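Any read-out appearing in this document is the output of simple, stated calculations on the displayed coordinates, not a laboratory observation. Computed from a predicted model, the values in this text were never measured in an experiment. Counting neighbours? That spans all protein chains shown, and the Cβs are built from the backbone with ideal geometry, glycine included.
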Amino acid sequence: MTLASKSHDPMTNQLSEVKTRVATVLELAKSLGADGAEVAMSRQQGLSVGTRMGEVENVEFTNDGALGITVYREGRKGSASTADLSEQALTKAVTAAVNIAKYTSVDDCSGLADKSLLAMQPLDLDLYHPHEISTEEAIELAKECEESALTADPRISNSDGANFDTFAGFKVYGNSNGQLVGYQSTRHSLSCVMIASEDDDMERDYAYTVNREFSMLESAKNVGLQASHEVLSRLKPQTIPTGKVPVLFRADIANTIWGHFIAAISGGNLYRKSSFLLDAIGNDIFPKFLNISERPHIAKALASSAFDSEGVLTQNREIITDGTLQTYLLTSYSARKLGLETTGHAGGIHNWLVDAQGHDGSFDAMLKTLGTGLLVTELMGQGVNVVNGDYSRGAAGFWVENGEIAYPVSEITIAGNLTDMFKSIVAVGSDVDMRGSIRTGSILIDEMQVAGH
């Protein structure tokens with residue numbers, strides 16, 4: 001979007017207005033006796049449409065947002081929020097936050113992030129790519145996606161629907177340390193969920209595409225065809241015998257493995273001593289060939305951010321180098337609890353890149369490396385204990401023999417311990433899934449306990 005077009009963009013004008021309101025709220029908090037204050041506001045506008053079996057199921061317009069104010073006074077903290085940005089409502093919210101702070105307990109670890117760590121002039125990461133689309137055009141996209149899947153094969157008997165979503169919004173953050181920053185962003189997505197049946201078997205699966213730029217989405221036809229391929233491949237699943245076998249997590253669910261790792265090195269779990277990776281900085285967590293880097297400033301990426309939700313400047317970090325843990329993921333509060341410095345992770349991670357230093361390959365190559373074992377394409381349940389690392393989840397996928405997919409499997413359980421699973425990673429594929437905050441290929445684990453039914 002050019003500078004000229006931005007000046008006429010309603011969202012850009014709203015961003016400017018909200019920054020003014022945030023500055024006013026900060027001044028008001030100071031006048032009411034707050035030692036420090038921070039204000040965050042987000043606003044989102046968008047369109048979401050859904051179709052099922054060629055009929056429109058829902059059309060939803062979104063235009064919402066809320067302002068949150070947190071004040072600090074003599075070591076005490078008070079918070080309030082409002083969706084009403086009138087002067088009267090803002091005054092009421094700030095007054096409420098200041099009054100709440102009178103009654104909360106003193107906590108020496110609470111407070112604003114250190115001023116020296118703040119992003120006073122954040123980078124523009126090119127996250128804002130609005131796309132004008134009519135309701136009718138959005139409906140046609142969803143219908144085309146669904147029809148593409150429904151007509152792919154007579155065994156596709158039903159649909160759970162197709163959805164198209166487009167959102168544009170902004171975030172503004174300010175605090176009494178003189179920081180007042182904000183940025184705009186967009187997100188467009190198209191998804192399709194199909195049902196296939198053969199004899200007495202019925203299966204369900206999906207496909208989706210998501211991007212900051214509308215023009216970079218996969219075509220509606222291709223998303224539908226992908227959904228049809230996924231669901232057809234799952235028909236007539238079999239069970240497998242209980243035993244220990246190598247397990248390959250396909251790229252689109254491999255990020256769940258890294259998600260458990262994130263939980264284990266996040267400050268909240270660490271200072272509560274509820275993580276199996278306590279005091280693990282400098283320890284070998286993964287094989288020597290594995291590296292994980294964080295790159296928050298990739299232009300247009302889905303998890304890019306110039307600052308975290310406390311206004312702290314995000315920066316490139318090496319999370320894992322040659323298998324060794326380099327850093328925890330800390331907010332200002334958790335960092336103070338641990339006697340450390342925030343890492344700019346209030347609100348989550350920012351573009352993780354998983355690299356296996358030559359121990360990677362295409363998806364087909366990963367199957368060959370697997371040999372005979374289990375390919376997991378779906379996980380169910382939440383049987384993961386971050387305190388001791390115990391892992392047990394329901395799964396579905398495919399049995400692989402001699403590097404070739406033999407048949408689909410379902411109603412199985414995979415189990416292990418995350419400490420062992422991390423160290424038993426054999427390879428990470430080059431089939432990287434770019435649709436989330438963790439860019440990872442398929443993960444091959446040398447051995448896990450698999451229970452059939």
Chain lengthening between Ala365 and Ala23 when straightened (0.36 nm per residue, less Cα-Cα) = 117.6 nm
remark   = Links exceeding 28 Å between C-alpha atoms in this model, out of Lys92/Lys171; Lys368/Lys423; Lys171/Lys423; Lys92/Lys273; Lys30/Lys171; Lys30/Lys300, come to Lys171/Lys423; Lys92/Lys273; Lys30/Lys300
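For a Förster distance of 35 Å, can you work out the FRET efficiency between the beta-carbons of Lys115 and Gln44, rounded to the nearest 0.05?
0.75
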key: Qualifying GluC sites (Glu not before Pro) for the stretch 16-74 [loop in DSSP, other Cβ within 10 Å: at most 11]   = Glu74
note = Compactness summary of the stretch 243-451: radius of gyration and Dmax from Cα atoms, Å, are 17.1, 53
request  = For the stretch 3-233, go through all pairs of different Cα atoms, get the mean of 1/r, take its inverse, and jot down that Kirkwood value in Å.
outcome  = 20.5
remark   = Using the Kirkwood radius over Cα pairs of the stretch 113-227, the Stokes-Einstein translational diffusion coefficient at 37 °C and 0.692 mPa s, in µm²/s and rounded to a whole number, is 197
With Cα atoms, 0 to 90° folded angle of helix 220-233 axis to the chain main axis = 50
Estimated D of the chain in µm² per second, where Rh is the Kirkwood radius over Cα pairs and Stokes-Einstein applies at 10 °C, 1.306 mPa s = 65
Zone of Asp64's modelled label, taken as backbone nitrogen in the stretch 159-175 under 19 Å from a point 7 Å along Cα→Cβ = 164-172
ask   = Calculated FRET efficiency, Val387 and Glu136, Cβ-Cβ r, R0 51 Å, to nearest 0.05?
value = 0.45
query = Given the rule -39500 (n - 2.57) for each run of at least 4 DSSP H residues, summed and divided by the residues of the chain, what is its mean residue ellipticity at 222 nm, to the nearest 500 deg cm²/dmol?
reply = -7500 deg cm²/dmol
note = Of 306-317, 164-175, ordering from highest average Cβ density within 10 Å down gives 164-175, 306-317
note = Straight-line reach check, Lys102, cutoff 15 Å on alpha carbons, 8 or more apart in-chain or any other chain, hits among aspartates and glutamates -> Asp35, Glu74
request  = Please work out the Cα center distance from the stretch 341-408 to the stretch 259-306, rounded to the nearest Å.
outcome  = 16
message = Suppose the chain between Lys273 and Asp108 were pulled fully straight at 0.36 nm per residue; how much longer would it get relative to their current alpha carbon spacing?
response = 57.5 nm
request  = Place a +1 charge on the Cβ of each Lys and Arg in the stretch 150-309 and a -1 charge on the Cβ of each Asp and Glu, then give the dipole magnitude about the Cα centre in debye, rounded to the nearest 20.
outcome  = 620
10 Å-binned pair-distance histogram of the stretch 172-214 (Cα, whole percent) = 20, 22, 20, 17, 12, 7, 3
query = How far is helix 87-101 tilted off the main Cα axis of the chain, in degrees rounded to 10, range 0 to 90?
reply = 80
query = Can you work out ³J(HN,Hα) from phi for every residue in the stretch 312-324, in order, using Karplus 6.51 cos²θ - 1.76 cosθ + 1.60 and θ = phi - 60°, giving whole Hz and x for Gly and Pro?
reply = 6, 4, 7, 8, 4, 9, 9, 7, 10, 10, 6, x, 9
task = Grab the Cα-Cα distance for Ser31 and Asp284, subtract it from 0.36 nm times how many residues apart they are, and report the gain in nm with one decimal.
result = 85.9 nm
query = Which of Lys244/Lys288; Lys19/Lys115; Lys288/Lys337 have a Cα-Cα distance over 22 Å?
reply = Lys244/Lys288; Lys288/Lys337
